[in-house]
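Remarks on the structure that follows.
The values are calculated or read from the model by the stated rules, or taken from the named source; none is laboratory data. Everything numeric here is computed off the predicted structure, so don't read it as measured data. Every residue, glycine as well, gets a Cβ built from its backbone with ideal geometry; the counts of neighbours run over all protein chains shown.
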Amino acid sequence: MALAIDRLTQQKPFSVDEFLTQYGNDNRYELIDGEIFDLEPTGQHEEVAAFITTKICAQIEGIGLPWFVLQRGLLCPSNAGMTAFRPNVAVVDQDALIKEPFWSDQSILTSGSSIEFVAEVVSSNWQNDYARKVKDYAALGILEYWIADYAGLGGTRHIGKPKQPTLSIGTLVDGEYEIQQLRGTEMIASSTFPELRLTAEQVLRANR
């Protein structure tokens with residue numbers, strides 16, 4: 001989902017505090033293990049993220065729960081060191097925010113228990129979405145994680161060969177994601193939003 005900033009520009013690992021000071025207000029960047037990544041979203045990337053957000057918001061309204069979609073926030077796991085993720089789509093439980101130490105002053109979450117659902121739209125650096133975030137989001141206890149690979153960029157061990165657009169739906173079971181890969185007209189089965197009626201193709205093409 002990201003391109004690392006030129007290593008000549010980034011001379012040393014960044015702490016979370018240094019990252020927040022320099023890049024915290026810029027949606028283009030996130031921090032993983034002290035390395036800054038430029039998200040560089042394409043137009044289609046933004047269309048897919050916006051489509052997921054729109055459909056999820058409709059589901060939240062229908063359910064009537066105190067949830068909302070994070071707009072400009074960061075996820076800085078307290079146990080993940082020099083890391084500040086910037087999820088493309090994250091559904092937050094408003095009732096859990098009372099336990100978030102920075103929320104009253106900054107749009108920063110530290111606990112996976114504050115997040116009900118997360119989705120990443122794959123772009124340049126697919127490794128973060130398919131490997132690092134699968135591991136960390138599971139460790140944080142986030143119950144559902146989507147990887148929307150609209151251009152089929154992921155490695156063949158993740159999406160098969162020949163590579164093609166793929167929506168991976170991860171459901172947390174015993175601390176790890178069980179991942180179902182969907183393509184074309186295959187229907188999504190969401191544990192968080194069971195009334196959602198969408199195909200993989202609708203998501204990956206932003207319903208074009």
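Contact list please: Cβ distance under 7 Å, first residue in region 187-208 and over 9 Å from Phe51 (Cβ atoms), second residue of a type in the set (Asp, Glu), pairs at least six apart or on different chains.
Going by the 7 Å Cβ cut-off, the qualifying pairs are Ser190/Glu144; Ser191/Glu144; Thr192/Glu116; Thr192/Glu144; Thr199/Glu186; Ala200/Glu186.
Sort out which residues of region 1-36 are at pLDDT 90 or above and either among the hydrophobic types (A, V, I, L, M, F, W, C) or part of a strand (DSSP E or B) (or both), and write them in order of number.
Phe14, Val16, Phe19, Leu20, Tyr29, Glu30, Leu31, Ile32, Glu35, Ile36
Test of understanding: among Asp174, Asp136, Asp93, Asp149, which residue is surrounded by fewer than 17 Cβ atoms within 10 Å (Cβ to Cβ) and within 18 Å of the chain's Cα centre (by Cα)?
The conditions single out Asp93.
I'd like to check which strands (runs of 3 or more DSSP E) are fully inside region 132-208 and have at least 1 residues that are in contact with an Asp or Glu (Cβ under 8 Å, 6 or more places away or on another chain) and under 25 Å from Ile60 (Cβ atoms). It would help to see each step written out before you state the result.
Numbers: elements: 144-149, 166-173, 176-182.
Ranges flagged: 144-149, 166-173.
Among residues belonging to region 72-90 that are under 21 Å from Tyr130 (Cβ atoms) and of a type in the set (Gly, Ala, Ser), point out the one that is surrounded by the fewest Cβ atoms within 10 Å (Cβ to Cβ).
For region 72-90, the residue satisfying everything is Gly81.
Filter region 59-90 down to residues that are of a type in the set (A, V, I, L, M, F, W, C) and part of a helix (DSSP H, G or I) and give me whichever is modelled with the lowest pLDDT.
Ile63
Among the residues of region 50-58, is any at pLDDT 90 or above, touching a Pro at 6+ places or on another chain (Cβ under 8 Å) and either surrounded by 16 or more Cβ atoms within 10 Å (Cβ to Cβ) or not hydroxyl-bearing (Ser, Thr, Tyr) (or both)? Working first, answer last.
Let us first name the residues in region 50-58 that are at pLDDT 90 or above, namely 50-58.
Cutting the leftovers down to touching a Pro at 6+ places or on another chain (Cβ under 8 Å) gives us none.
No; the residues of region 50-58 include none that is at pLDDT 90 or above, touching a Pro at 6+ places or on another chain (Cβ under 8 Å) and either surrounded by 16 or more Cβ atoms within 10 Å (Cβ to Cβ) or not hydroxyl-bearing (Ser, Thr, Tyr) (or both).
What do you reckon, is Glu116 assigned to a strand (DSSP E or B), within 17 Å of the chain's Cα centre (by Cα) and in contact (Cβ under 8 Å) with a residue 60 or more places away in the chain?
Details: assigned to a strand (DSSP E or B): yes; within 17 Å of the chain's Cα centre (by Cα): yes; in contact (Cβ under 8 Å) with a residue 60 or more places away in the chain: yes.
Spelling it out, Glu116 is indeed assigned to a strand (DSSP E or B), within 17 Å of the chain's Cα centre (by Cα) and in contact (Cβ under 8 Å) with a residue 60 or more places away in the chain.
Filter region 77-102 down to the residues that are in contact (Cβ under 8 Å) with a residue 60 or more places away in the chain and within 23 Å of Ile169 (Cα to Cα) and list them by number.
Of everything in region 77-102, those that are in contact (Cβ under 8 Å) with a residue 60 or more places away in the chain and within 23 Å of Ile169 (Cα to Cα) turn out to be Pro77, Ala84, Asn88, Val91.
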